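Heads up: the structure comes next, in structure tokens.
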Amino acid sequence: MSIWSRITNAFRSEPLSREIDEELQSHIEEAVRQGRDPAEASRAFGSPLHQREASRDIRLAAWLDSLRSDAVFGWRQLMKRKATSAAAVLSLALAIGACTSAFRLIDAVLLRPLPVAHADRLYVLERLGTDPAGKPGSSDAWAYPSFQLMRAAVQGQAELIAVSYAEQGDLTYRTDQEMEKAEFQFVSGRMFDDFGLRPALGRLFTQNDDLKPGAHPYALLSYDYWARRFVRDPHVVGRTMRIGDTLYQIVGVGPEGFTGTETGTVIDIFLPAIMHPAAIHDDWTWMRTLAILRPGVAMEPVRARLDVTSRAFEAQRAKGFKGMTEESIREFLNHPLAMEPAASGASGLQQEYRDSLIAMGVLVMLVLLIACANVANLLTAQAASRAREMAMRVSIGAGRRRLMQLVLVESAWLALVSAALGGLFAWWSAPFVVSRINPPDNPVRLFLPADWRVFAFGTALTAVVTLLFGLAPALRASSVNPASALKGGSDPHARRRLMHTLIAVQAAFCFLVLFMAGLFGATFDRMSHQPTGFSADRVLALETVAHRNEAPVVWDQMAGHLRAVPGVESVALAGWPLLAGGSWNGFVSVNGAPPGPVMAYFLHVSPGWIETMKMPVLEGRDLRPNETFPGAALVNATFVKQFVRGESPIGKLFAKGSQGFQVVGVVADAPYESMHEPIPPVVYVPMQTVVGGALQPMRGATFMVRTASANPLAMASTLRRQVAQLRSDFRISKIRSQAELVRAQTVRERLLAMLGLFFAGVALLLAGIGLYGVLDYSVVQRRREIGIRMAIGARATHIARGVIANALLVVAAGAAAGLALGMASARSIASLLYQVKPTDLAMLALPTVLILAAALVAALPAVIRAVRIDPAATLRSE
């Protein structure tokens, strides 16, 4: 009989049995027709049951038949204990769903390779160094001239690709009144060819699009943008778009599925890197450098050659730093080059959320272990009522392996149903978590498919979960002693020891979850209440662009017009809002001294800006309307500490390159581009810029508007209309509240605090359910003992103490183990967070209190059940 027939017969047990019975009966009838006595013929064939089983073993796969019968029996057992099964399924579903959701996020951000050729040989170049606080850090920002030199240096060993940071900008296809926003990325011409990509329409960029700065005004649409904006119009090739002052021609549409190399951002339009205004500047770092190694080429020699080339470029550039000491130059050049794998792309999202995703993964794994221990306890408690069943199975010939299979199949049913429900939870929760990290003006877009990777992870996780919570009960069932079990003499203490051990494990893991959740909450609370040095309430930032360069007086007139709008308290101009991501820095020298290795950061502001921002003036005065750049400057307190050191800063002279400044005032420290980093030295300079004795016109600036309304965004439409009415050639590109920019700095901390609180509640609930199951089982097993104690005069308080004493001792032991683990891992956990102080480790006491409180609550039903035992009825029933 074929293997396929034996497999299919395993799933048609009853029809097969009828066929065998009919065949046996036909043989007996044939013997009778041949003249044999019917009774003799039946005896000659032997036992019908034996013949049927022997024939079945030949006609079907016995192992598969036993597995099928165990699956049917296991499902019936689950349906028989609906309440317990539901509790176990919900516990596991939540844990499995959380793990699957975490995997989907980690896979989308850190693991899923780009849809390009040679992703396994793709690297991103970084420079290692220290941040302003002296902590190890890295930077992946490069200048285009440096990229060109490095590309030539490793030609034949690796292909280098220039990829700018994605930026959201304005463009128009017809008139400036129909302005749209899109995500741009400047890339080197060879990128698409090196990635092995083919166009969906038209052509892609080539190395001929990298020849001359400003001479290749071509644009390439991503497939996603083409489908979304143009509904796959095949006539889009050849159309033009205006970005800034440049008219670009669309030459093609990129391949489907490729949306850039910056994970979390979907690029709409690709532009040649040589068209970037900074392509000719050696002091403007605006792009990442990716490297694809040639087959068979080792990474280290390539890295060493790139490092030498990069240092030579920076050394040449450092010669232009007037007055910089040799020591400062050496420190400036002490940034070795590193090559980091970038198969999944390179983005700020990965850098920002890598540690957060690791923390979330640790949390969900701990919750999964707690859920598995909880279900193992429930199954162990149920095994007490099935001890006689297992003994009977052994007595009639069932092997230990078959008993283990029976229990593991029941566990597999629990895991499969839980995995199905958990899959639904993961399908909803992963996009929900992504929505919580989305800045309103630039949402994160991640690819979260339910593909074979997620299915494989879910399958492996289900198998692991089955073993985690089902193996211990299966081993216990297979080791049953038939004689002892049938006499009711199985040792309940051994089972209780196993259950108490699992409770201790739950308590230890629950402690770690609560401790991590406490640290996340403390971090978010501290970040939310961190002083900013200015008042963000009721402030709007109106990022405005003009169709052409306009004189500073025109911008001042617009600011004056906005001040007259009802509901507006004050208006000032700035290059960009604080914490908006803009950056402008350079080395400074004070009073003719050589420049040091610490860079100062600059921001253009108008007179009245510090008043609009309500930034305290610590010394000196504000800028005046007649002051220009370079010239007068405001500095923050950190600048004074770093460069002046004890002297009065007012009147001090300093320079940035050939530009000279004089300090006229000192303002309070305020975060410049991030609240996660130490506040750098900051210089606030006038908006009006003089070059060659003439004021320079401006193309764009940001109006900072303080409103009287508690909700400044309510005035957004009014202000937009006022700008358009006064000057039709002025357009507001983006409106954001300063409070929104501040809140965006704590998105990661808010997410971790929210997830930590959720998982802490789940961990406490699961631990409480597990403890309740153990205590309830203990009361049932000790019912006779408790009845005797009450009959001889034991008080209810003594009974209650006896019920919960051992359990609380076990919980306390688990909490102590969790405390030891928390102390051992405190440094690692704290390294995942910002703004965590050593005093936060005092929160190690909080999980202990919460766990003991949860234990007391969980013990209450068992205590009530114990003290309500009727001694007489119990002894009679026994």
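Worth a mention:
- Check on Gln696, among the polar types (S, T, N, Q), farther than 18 Å from Asn585 by Cα and either assigned by TED's automatic domain parsing to the domain that holds Leu578 or crowded, with 18+ Cβ neighbours inside 10 Å (or both): yes
- Options Gly592, Gly586: the member that is assigned to a strand (DSSP E or B), surrounded by fewer than 18 Cβ atoms within 10 Å (Cβ to Cβ) and in contact (Cβ under 8 Å) with a residue 60 or more places away in the chain: Gly586
- Any hit, the range 837-860, residues being touching a His at 6+ places or on another chain (Cβ under 8 Å), modelled with pLDDT under 75 and either assigned to a helix (DSSP H, G or I) or surrounded by 18 or more Cβ atoms within 10 Å (Cβ to Cβ) (or both): no
- Summed over the range 181-192, residues that are touching a helix residue (DSSP H, G or I) at 6+ places or on another chain (Cβ under 8 Å) and open to solvent by 50 Å² or more (accessible area, probe 1.4 Å) total 1.
- Residue check, Gly521 surrounded by fewer than 24 Cβ atoms within 10 Å (Cβ to Cβ), in contact with a helix residue (DSSP H, G or I) (Cβ under 9 Å, 6 or more places away or on another chain) and in the same structural domain as Thr638 (by TED's automatic domain parsing): no
- Count of the range 608-622 residues which are buried (at least 17 other Cβ atoms within 10 Å of the Cβ) and either assigned to a loop (DSSP other than H, G, I, E, B) or of a type in the set (S, T, N, Q) (or both): 5
To keep it simple, each residue is scored yes or no on (1) open to solvent by 40 Å² or more (accessible area, probe 1.4 Å); (2) of a type in the set (Asp, Glu); (3) assigned by TED's automatic domain parsing to the domain that holds Ala412; (4) modelled with pLDDT under 75.
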{"site": "Leu16", "(1), (2), (3), (4)": "no, no, no, yes"}
{"site": "Leu24", "(1), (2), (3), (4)": "no, no, no, yes"}
{"site": "Ile28", "(1), (2), (3), (4)": "no, no, no, yes"}
{"site": "Ala31", "(1), (2), (3), (4)": "no, no, no, yes"}
{"site": "Arg56", "(1), (2), (3), (4)": "no, no, no, yes"}
{"site": "Gln77", "(1), (2), (3), (4)": "no, no, yes, no"}
{"site": "Arg81", "(1), (2), (3), (4)": "yes, no, yes, yes"}
{"site": "Cys99", "(1), (2), (3), (4)": "no, no, yes, no"}
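- For the range 632-666, the tally of residues that are farther than 29 Å from Ala536 by Cβ and not hydrophobic (A, V, I, L, M, F, W, C) stands at 11.
- Unique match (being open to solvent by less than 20 Å² (accessible area, probe 1.4 Å) and either of a type in the set (A, V, I, L, M, F, W, C) or free of Cβ contacts under 8 Å to residues at least 24 places away in the same chain (or both)) among Val513, Val545: Val513
- Matching option when the condition is under 23 Å from Leu573 (Cβ atoms) and not β-branched (Val, Ile, Thr), among Gly657, Gly631, Gly651: Gly631
- Residue identified as more than 34 Å from the chain's Cα centre (by Cα) and either assigned to a helix (DSSP H, G or I) or modelled with pLDDT of 85 or more (or both) among Val394, Val364, Val375: Val394
- Test: residue in the range 746-753 that is assigned by TED's automatic domain parsing to the domain that holds Phe524 and outside any helix (DSSP H, G or I): yes
- The residue list Pro625, Pro671, Pro686, Pro630 contains one member that is on the phi < 0 side of the Ramachandran plot and open to solvent by 60 Å² or more (accessible area, probe 1.4 Å), which is Pro625.
- One residue alone among Val417, Val433, Val464 is modelled with pLDDT under 85 and of a type in the set (Val, Ile, Thr), and that residue is Val433.
- A count restricted to the range 746-771 and to residues that are surrounded by fewer than 20 Cβ atoms within 10 Å (Cβ to Cβ) and in contact with a helix residue (DSSP H, G or I) (Cβ under 8 Å, 6 or more places away or on another chain) stands at 5.
- Test: residue in the range 702-716 that is open to solvent by 30 Å² or more (accessible area, probe 1.4 Å), assigned to a strand (DSSP E or B) and in contact with a strand residue (DSSP E or B) (Cβ under 9 Å, 6 or more places away or on another chain): no
- In the range 473-494, residue modelled with the highest pLDDT [restricted to those that are closer than 28 Å to Leu808 by Cα and open to solvent by 30 Å² or more (accessible area, probe 1.4 Å)]: Leu475
- Verdict on His561 being over 17 Å from Ile650 (Cα atoms), part of a strand (DSSP E or B) and open to solvent by 40 Å² or more (accessible area, probe 1.4 Å): no
The values are calculated or read from the model by the stated rules, or taken from the named source; none is laboratory data. Values in this document were obtained by computation on a predicted structure and should not be read as measured data. Cβ coordinates were reconstructed from backbone atoms using ideal geometry, including for glycine residues, and neighbour counts include every protein chain displayed. Ligands, DNA and RNA are stripped out before the accessible areas are found, and what is left, the full protein with its side chains, is counted by its heavy atoms. Shrake-Rupley method; radii C 1.70, N 1.55, O 1.52, S 1.80 Å.
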